[in-house]
Each structure stands twice: as C-alpha cells, then as structure tokens.
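In what follows, a single structure is set out as structure tokens and then discussed.
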Amino acid sequence: MSTKSINYEFKKKLSSTLGGEACVYCYQCGACVGDCPAAMYSVDFNPREILLQALLGNEEALTGEDSPIWNCTNCYTCYERCPQAVRPVEVIIALKNICFEKVTAAPEVRELVNSVRTTGRTVKITSLSDRRRKELGLKEVRLVPIEELEKLFEP
Ligand code: SF4
Ligand code: SF4
C-alpha cells in the first residue's frame, strides 16, 4: 500500500489564509454533513471529507481542476453545526481563494468574478433589460461606482 506524506507547506498556506485558520481543530465528527444541502445532492461533496483532506494537506484534491469545493452553496449551515468552531464554510472559501491564486477556479466562476470586478454586477445590464424595465415602469438601473469597487479589491 502506498502512503502519501502530509503536505505541511499547503497546510501552512491554508492556515494563513483568511478563514482557513481553524481547520486544524476538526476532529472529524461529521456534524457538518447531516444538514449540508450540497452533500444531500452530490455524492462527490462532503464537508467532513474536505476537512480531512485539508488536515492531510491534500493540495491537489482540494485546489485542482476537479476540486469538489465549488459545490458548496455558502449556506453557512455547517458553521452553526460544528462543535469545534472550525467554520467549515470559511475553510472552503479560503480554499476557493487559493484556487483563484493558482488559476484553477472553474472558467464560469472566473467569468463571474471578472464581471463583478469590472461592472459591479453578476448579470450584465443589456439594452433589452433596460427596455423591459421601462415597459414595467421600473427605474433605470444605476451604474456601480467602479472606482469605489476597485478599492474593495485592493490587496
Ligand atoms: S456552507 Fe457549504 S459545506 Fe456548509 S452546509 Fe452549506 S453547502 Fe454544506
Ligand atoms: S463538524 Fe466541525 S469538527 Fe466535525 S467534521 Fe465538521 S468541521 Fe470537523
């Protein structure tokens, strides 16, 4: 049987990323799994398993192209359930941020983030949506002040 050594560098990286600090306190009880909507609908997704892989420093499984972390809905149910205050959802968000640095995030997600960065919106405002709003008697959609948005993205 082949054994893989723990990737301490990756563990260190995750622990020093905002949200990833508490992953070392996970004792694998599984309380985060029972009410997790993503685990209910996807056999590939299990927050306890994600935490186990984080404890093992399994960088490839967690931040590779096929990482299951993108199935998380950010509902925060696991945050409420965890007796160790690991805040699994925040560990997953930290992993997503690491994926962005490594450019392994799915293209659809990258596109969404770019849209927010450049327009302040996840959905484009088109002339068609403008026309439809007018027909419905709705106000024009206000432009997002991009210069203020840029400040939020500053490192
Ligand atoms: S935040 Fe993610 S991992 Fe946590 S319960 Fe919701 S879907 Fe599951
Ligand atoms: S509930 Fe907390 S301690 Fe239990 S497996 Fe999930 S993250 Fe780990």
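List of remarks:
- Selection count, the range 5-30, where residues are in contact with a helix residue (DSSP H, G or I) (Cβ under 8 Å, 6 or more places away or on another chain) and among the aromatic types (Phe, Trp, Tyr): 1
- Thr104 vs. criteria open to solvent by 80 Å² or more (accessible area, probe 1.4 Å) and out of contact with any Phe, Trp or Tyr (no Cβ under 9 Å at 6 or more places or on another chain): no
- Evaluation of Asp130 against (1) open to solvent by less than 80 Å² (accessible area, probe 1.4 Å); (2) away from ligand 1 (no atom under 11 Å from the Cβ); (3) within 15 Å of the chain's Cα centre (by Cα) (one fails), failing number: (3)
- Only helices (runs of 4 or more DSSP H) whose full extent lies in the range 1-115 are considered here, and the ones with at least 2 residues that are away from ligand 1 (no atom under 14 Å from the Cβ), without any contact (Cβ under 8 Å) to a residue 60 or more places away in the chain and acidic (Asp, Glu) are 59-63.
- Counted residues, the range 54-84 - those being acidic (Asp, Glu) and buried (at least 17 other Cβ atoms within 10 Å of the Cβ): 1
- Lone unmet requirement of (1) more than 27 Å from Phe153 (Cα to Cα); (2) at pLDDT 95 or above; (3) open to solvent by less than 50 Å² (accessible area, probe 1.4 Å) for Ser42: (2)
The values are calculated or read from the model by the stated rules, or taken from the named source; none is laboratory data. Remember, predicted model here, so these are calculated numbers, not experimental data. Note that we place each Cβ from the backbone using ideal geometry, even for glycine, and neighbour counts take in every protein chain shown. Protein only, heavy atoms only, side chains kept; ligands, DNA and RNA dropped before computing areas. Shrake-Rupley method; radii C 1.70, N 1.55, O 1.52, S 1.80 Å.
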